[in-house]
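The values are calculated or read from the model by the stated rules, or taken from the named source; none is laboratory data. This structure is a prediction, so every number in the text was calculated from the model and none was measured. Please note: Cβ atoms are built from the backbone with ideal geometry, for glycine as well, and neighbour counts cover all protein chains shown.
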């Protein structure tokens with residue numbers, strides 16, 4: 001089953017909250033609010049119009065408009081280029097895969113979509129993400145990004161003095177060029193892994209999309225980490241559903 005989380009950003013504090021979870025079992029989509037929504041409501045988060053009940057399980061055979069409206073139309077002339085920017089293999093461009101890779105960001109709201117990291121049979125953690133915050137970088141950093149090659153190693157640095165997020169993780173080269181940030185939704189888990197053993201966490205360049213690709217889709221990274229059996233990504237209460245999930249969905 002595919003699983004995505006919906007995050008909301010408080011426009012004042014810029015803090016992110018995981019407020020919902022979307023799953024797909026191959027036949028039906030399901031959306032539920034998570035405990036993060038309760039915390040977000042303290043920051044004036046308004047429930048999504050299509051999901052007015054905080055304690056209901058929503059199901060549909062069609063992708064909910066909140067998410068489908070974040071997908072590029074296949075009929076657009078630049079759709080093929082878009083899928084290449086996301087580095088999604090041919091014929092695997094299903095809606096969940098596109099949203100997981102793109103983040104589904106829109107200029108008209110404060111939502112972002114992100115996937116639950118995958119754990120392989122050896123317990124290793126895998127996830128792709130686009131580097132955040134590139135629009136705030138100096139020109140020399142953008143120039144450096146354009147020179148990167150697939151599989152180049154990047155390094156994580158704890159930006160503990162960040163006024164918006166004390167757990168922020170910078171992405172840097174060995175020469176200390178700052179190339180953006182690890183997404184906020186990954187920072188807590190990744191920082192925990194880095195503190196335990198930074199050598200077990202590896203970030204590599206997956207793809208660099210040259211201009212005029214939108215800046216938010218410029219640097220695609222691939223993060224892997226060796227984890228202990230006790231580690232479970234996104235296991236905090238913020239990510240847990242607010243309502244008991246029917247048994248048919250407990251295999252998510």
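Counting residues in segment 145-162 that are in a helix (DSSP H, G or I) and touching a residue at least 24 places away in the same chain (Cβ under 8 Å) gives one or more.
The residues of segment 199-250 that are at pLDDT 85 or above, in contact with a strand residue (DSSP E or B) (Cβ under 8 Å, 6 or more places away or on another chain) and part of a helix (DSSP H, G or I), listed by number, are 200, 216, 217, 238, 239.
What about residue 31, is it surrounded by 15 or more Cβ atoms within 10 Å (Cβ to Cβ), within 24 Å of residue 98 (Cβ to Cβ) and not assigned by TED's automatic domain parsing to the domain that holds residue 187? Walk me through how you get there before you give the answer.
Values: surrounded by 15 or more Cβ atoms within 10 Å (Cβ to Cβ): yes; within 24 Å of residue 98 (Cβ to Cβ): yes; not assigned by TED's automatic domain parsing to the domain that holds residue 187: yes.
In short, yes.
When segment 78-87 is filtered for residues that are modelled with pLDDT of 95 or more and not in a helix (DSSP H, G or I), only 87 remains. Annotation for segment 194-213: no member residue is surrounded by 20 or more Cβ atoms within 10 Å (Cβ to Cβ) and without any contact (Cβ under 8 Å) to a residue 24 or more places away in the chain.
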